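Below is one structure, written out as structure tokens; the observations come after it.
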Protein chains: 2
Amino acid sequence: MIVTEKAGSPQARSVLQQCLYAMLQVKRADDQSEPEWVEIDRGMMVYICFSNALQRTLSPKWVDTLLNLKLCEADSGKYVSVLDLPGSVLIVPQATLGGKAKGKVMQYHHNIGKEEGLQLYSNFVSFFEKELALSSKSSETATIIKHGTYGNRQVLKLDTNGPYTHLMEF
Amino acid sequence: MIVTEKAGSPQARSVLQQCLYAMLQVKRADDQSEPEWVEIDRGMMVYICFSNALQRTLSPKWVDTLLNLKLCEADSGKYVSVLDLPGSVLIVPQATLGGKAKGKVMQYHHNIGKEEGLQLYSNFVSFFEKELALSSKSSETATIIKHGTYGNRQVLKLDTNGPYTHLMEF
């Protein structure tokens, strides 16, 4: 699934990191209220960016891949999927992943537009929730899906026992 | 510098994240001693993986690029380089970045061997230190370079005001 093997640009780029705990701000503080956060314990961060090569189609297979790839270190030291860990998932919209350097400046010309991006991100999160609901594994375990707010600043605190950072392009 | 524009595989893959604070374990606890950590305040995480396409040459230009790209959000809201921020750099060896999915399992066949990888990682860190020593900017500021131990588990805690995750391949 690495982009070097594909003719065109990737349709989506994700970076995956393992965590013991993560908290992500989903609403900034304002005059009326404190900031709001979501949090997960042990599990996987999914930073996701959609490209304008995507053209409004989103494959549920991508989510299936991310949930079932053996990326997570179990207590035994073996690598298992986040479903088998069992671990939770925190999805973070991350448009910067589509950046391309031009001289000293990053450009994001290949990113999808904001409105389409919001819709795709929403679909992406829904696919995770549906896959999880369908998974027989998840019913036995404590896997949950949390996610950030598209377009927001992703204020994030992360605690890992090794991030085991992976790149996965679709 | 994105791999889609290149004929072959990238020689090195880096993921960059911004932080307000990060601490990384560089020595595990044992019977005699507590674990040892390095830490940085505001600055940039550089997760780095070398490919076997690299064949023992490491370009100082890569380090120059990473130090001078405008990836960091300044107090003004403008994007500036980590040198201009001024910020510190935490370099994390991250062999998992070279992973490629085969079915549900990640494979790392394109990663460089351990001994060569250790040497390249050491050179990579040295280039950062040299570039920093040569930079007129760094002498005015508090930029420091910290780094993890190659081959170790990278136990990491990260606090961000938005990770602004970027992929940079060379």
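The values are calculated or read from the model by the stated rules, or taken from the named source; none is laboratory data. Quick caveat, the model's predicted, so the values are computed rather than measured. Using ideal geometry, Cβ is built from the backbone for each residue, glycine included, and neighbour counts are taken over all protein chains shown. Side chains are part of the model used for accessible areas, which takes the heavy atoms of the whole protein and leaves out ligands, DNA and RNA. Shrake-Rupley method; radii C 1.70, N 1.55, O 1.52, S 1.80 Å.
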Just checking, which of B:T96, B:T65 is more than 21 Å from B:I40 (Cβ to Cβ) and among the β-branched types (V, I, T)? B:T96
Six or more apart or on different chains, Cβ under 8 Å: which pairs go from a residue in the stretch B:22-41 that's in contact (Cβ under 8 Å) with a residue 24 or more places away in the chain and more than 11 Å from B:V155 (Cα to Cα) to one that's in a loop (DSSP other than H, G, I, E, B) and open to solvent by 40 Å² or more (accessible area, probe 1.4 Å)? Could you list them? B:I40/B:I144; B:D41/B:L20
If A:M106 passes every condition in (1) more than 7 Å from chain B (Cβ to nearest Cβ); (2) open to solvent by less than 40 Å² (accessible area, probe 1.4 Å) but one, which one does it miss? (1)
Hits in the stretch B:31-57 (condition: among the hydrophobic types (A, V, I, L, M, F, W, C) and crowded, with 20+ Cβ neighbours inside 10 Å): B:I40, B:M44, B:M45, B:V46, B:I48, B:C49, B:F50
Long-range neighbours under 9 Å by Cβ, at least six apart or interchain, first residue closer than 20 Å to A:E169 by Cα and facing another protein chain (nearest Cβ under 10 Å) within the stretch A:65-88, second open to solvent by 60 Å² or more (accessible area, probe 1.4 Å) and assigned to a helix (DSSP H, G or I): A:S81/A:K137
Residue under question is B:K130, and the condition is that it be surrounded by fewer than 18 Cβ atoms within 10 Å (Cβ to Cβ), more than 14 Å from B:Q11 (Cβ to Cβ), among the basic types (K, R) and touching a residue at least 12 places away in the same chain (Cβ under 8 Å); does it hold? yes
Answer from B:E39, B:E116 - the residue that is more than 17 Å from A:Y164 (Cα to Cα), not in a strand (DSSP E or B) and not hydroxyl-bearing (S, T, Y): B:E116
Residue in the stretch B:90-111 that is more than 15 Å from the chain's Cα centre (by Cα), in contact (Cβ under 8 Å) with a residue 12 or more places away in the chain and over 21 Å from B:P10 (Cβ atoms) present: no
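Quick grid of which residues meet (1) assigned to a helix (DSSP H, G or I); (2) surrounded by 21 or more Cβ atoms within 10 Å (Cβ to Cβ):
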position	(1), (2)
B:V63	yes, yes
B:D75	no, no
B:A101	no, no
B:Y121	yes, yes
B:T143	no, yes
B:K146	no, no
B:N152	no, no
B:L158	no, yes
B:L167	no, yes
Taking the stretch A:112-127, which residues are without any contact (Cβ under 8 Å) to a residue 60 or more places away in the chain and of a type in the set (F, W, Y)? none
